[in-house]
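J.: Below is the structure I would like to discuss, written out as structure tokens.
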Amino acid sequence: MARILVRETWRVGSVTAAVYDAPMADPTLEPILTSADRDLLAESRTAILATLDPNGRPRLVPCCFAADPDRDRIWTPIDEKPKLSADPRRLGRVADLTAWPAVSLLVDRWSEDWSKLAWLRLHGTASLLEPDDRGAGPERGVAIAALRRRYRQYLEHDLETRPIIAIDIAEAIRWAAGGR
């Protein structure tokens, strides 16, 4: 099992939050995501992103995502679907993760056949890959290509000019019916 490295903690209202260093930064550690986790991520079309708002309340937002094939990292775009603000940097989730980068992502598999149920909860640290950040350019290109392969709708979105949320996974908690 991979170590979880806590970099800092703080309080937001009555909630204690933590920022985790991503264990994959240390190549001697085992990957956090198992092949079963990656299979569930691949079959899931959406996830729920959880951030903490300024009052310490969870903010839950459904999102599209793609998994980095080489690292324990998830990308989710600030796409062009209608939003409360035209400026992607004014969105609640962006403000939240800029102030408190600890996030969670929940992916599940639902079925009327309850023997097929499963979920995966990922905890990690989020950052923004900005369009004007030259250092993020190569990763942004890989992320945009992966997102467009998963969601054909993104072929019509100008993802190149919008931020992408990158989540370094520090912990994975999983459950599947029958232990599978």
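Laboratory data are not the source of any read-out in this text; all were calculated from the coordinates shown. Just so it is clear, the model here is predicted, and its values are computed rather than measured. Backbone-built Cβ (ideal geometry, glycine too); neighbour counts: all protein chains shown.
J.: Each label point is 7 Å from the Cα along the Cα-to-Cβ direction; what then is the distance between the points at D53 and R174, in nm?
T.: My value for the distance between the label points is 3.3 nm.
J.: What GluC sites (Glu not before Pro) in the stretch 85-180 are in a loop by DSSP, with at most 12 other Cβ atoms within 10 Å of the Cβ?
T.: In loop regions of the stretch 85-180 (DSSP not H, G, I, E or B), the sparsely surrounded GluC sites (Glu not before Pro) are E112.
J.: Now for a separate question. If you build the Cα gyration tensor of the stretch 5-179 and take the root of 5 times each eigenvalue, what three semi-axes come out, in whole angstrom, biggest first?
T.: Working: eigenvalues 107, 88, 63 Å².
For the stretch 5-179, the semi-axes come out at 23, 21, 18 Å.
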